[in-house]
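> Quick one: this structure, given as structure tokens, is what I'll be asking you about.
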Amino acid sequence: MNEIVTAINSVPLDRYVFLSFVLFSIGLAGALFRRNTIIVLMCLELMFNSVNLLLTAFSAHHGDAGGQVFVFFIMLVAAAEVTVGLAILVMMKRNVDSIDINQLNRMRG
């Protein structure tokens, strides 16, 4: 564990912030502008992982494990999000025969 913290601390914190910002921006752009449901889910995962990277970097630099606990909860939320998203995607494919996100308004109980 100390080797990981040492490796994280060897890189300046501003580079983690920049990389996290770039990854979050790519994920946000993909989630907003793409119509394919699978790509939107992947972009959400990219945004979650950019936040995880930032929390881990700040946690290691400040020597506090609180950020890593938040990363664990974010990973749980991401797993639940993928599960629900893929279930919606399967139902959408069965009912509408498309994975276009604009077709979601055609799904009714």
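The values are calculated or read from the model by the stated rules, or taken from the named source; none is laboratory data. Since we're looking at a predicted model, the values are computed, not measured. Glycine also receives a Cβ, built like all others from the backbone with ideal geometry; neighbour counts cover every protein chain displayed. Areas reflect the complete protein model, heavy atoms only, side chains present, ligands, DNA and RNA absent. Shrake-Rupley method; radii C 1.70, N 1.55, O 1.52, S 1.80 Å.
> In sequence order, what are the phi-derived ³J(HN,Hα) couplings for the range 35-49 according to the Karplus relation 6.51 cos²θ - 1.76 cosθ + 1.60 with θ = phi - 60°, rounded to whole Hz, with x for glycine and proline?
Working through the residues one at a time gives 9, 6, 5, 5, 5, 5, 5, 5, 5, 5, 4, 5, 5, 4, 5 Hz.
> If you average the C-alpha positions of the range 11-37 and of the range 77-96 separately, how far apart do those two centres end up, in angstrom?
23 Å
> In square angstrom, rounded to the nearest 10, how much accessible surface does Phe21 have for a 1.4 Å probe?
Accessible area of Phe21: about 130 Å².
> How big is the dipole moment of the range 1-85 about its Cα centre under a simple scheme where the beta carbon of each Lys and Arg is +1, that of each Asp and Glu is -1, and everything else is neutral? Debye, nearest 20, please.
Computed about the Cα centre, the dipole is about 300 debye.
> If we sort 52-62, 7-17 on the protection proxy, mean other Cβ atoms within 10 Å, highest first, what's the order?
Details: 52-62: 18.5, 7-17: 12.6.
With the highest mean Cβ count within 10 Å placed first, the list reads 52-62, 7-17.
> Could you order Met47, Met42, Met91 so the one with the most accessible surface comes first? Probe is 1.4 Å.
Descending order: Met42, Met91, Met47.
> Of Phe21, Ala57, Ile38, which is farthest towards the positive pole of the chain's charge dipole, taken about the Cα centre with +1 and -1 on the beta-carbons of Lys, Arg and Asp, Glu respectively?
Farthest towards the positive pole: Ile38.
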